[in-house]
Amino acid sequence: MILLENDTIRIEKHESDIPWLKIFTQTKYKEMSEVPFEIQTIIYKLLNIIELEMIKFYKPTKINIASFGNYLPEVHWHIMARFELDSHFPEPMWGIKQRDGDINLPSFELFWQNTLPLITAYEQ
């Protein structure tokens, strides 16, 4: 689900039992070193905003931030709030499932409603 899109980036929600967002560049780049510095700066700022808001809102055990691109060879970043009782913890979300997830989280919609103004304020 696309949450925010402009000429530079796109933020999507990844369907999961944990809060999980992805940031994509609108122009396709294979490696982060190919991304213009101005767009790199935007991505890093967005990662920071989202991480801080996930920590404040969800109070996770850990935040995971990843950029692999082996299956989808274009620059994109994953930001995930992780919890001791989520389905994969302490493994990565791409790893072996450890259990049925047993977490009761506040509304993602409320999280995004609180986070979006911080992101759009940064864009201006």
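Do the sum for the chain: with -39,500 (n - 2.57) for every DSSP H run of n ≥ 4, divided by all residues, what is the mean residue ellipticity at 222 nm, to the nearest 500 deg cm²/dmol?
On the way: 2 runs with 38 residues, N = 124.
The helix contribution divided over the chain gives -10500 deg cm²/dmol.
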Looking at (i) 189; (ii) 114; (iii) 103, which value of volume of the Cα convex hull per residue in Å³ comes from a calculation on the structure shown?
(iii)
Out of 37, 57, 83, a Gaussian network model of the chain with alpha-carbon springs under 10 Å gives the largest mean-square fluctuation to 37
What angle do you read, to the nearest 10 degrees and between 0 and 90, between the alpha-carbon axis of helix 108-123 and the longest principal axis of the chain?
20 degrees
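Can you give the charge dipole size of region 2-123 about its Cα centre, rounded to the nearest 20 debye, using +1 on the beta carbon of Lys and Arg and -1 on the beta carbon of Asp and Glu? Let's see the in-between values first.
Values: 12 positive and 18 negative charges, 39 e Å.
Charge dipole, region 2-123, about its Cα centre: 180 debye, nearest 20.
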Going residue by residue through region 56-63, the Karplus relation 6.51 cos²θ - 1.76 cosθ + 1.60 with θ = phi - 60° gives ³J(HN,Hα) values, rounded to whole Hz and with x marking Gly or Pro, of 5, 7, 9, 6, x, 5, 7, 9
Mind giving me the FRET efficiency for residue 49 and residue 102? R0 is 35 Å, r the Cβ-Cβ distance, nearest 0.05 is fine.
0.75
What's the center-to-center distance, using Cα atoms, between region 72-96 and region 6-71 in Å?
13 Å
Which of the residue pairs 28/97; 22/59; 13/56; 30/62; 62/97 have a Cα-Cα distance greater than 21 Å in the structure shown?
28/97; 30/62
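Every number here is computed from the coordinates shown, using simple stated rules; none is lab data. Computed from a predicted model, the values in this text were never measured in an experiment. As a convention, Cβ positions derive from the backbone with ideal geometry for all residues, glycine included, and neighbour counts pool all protein chains shown.
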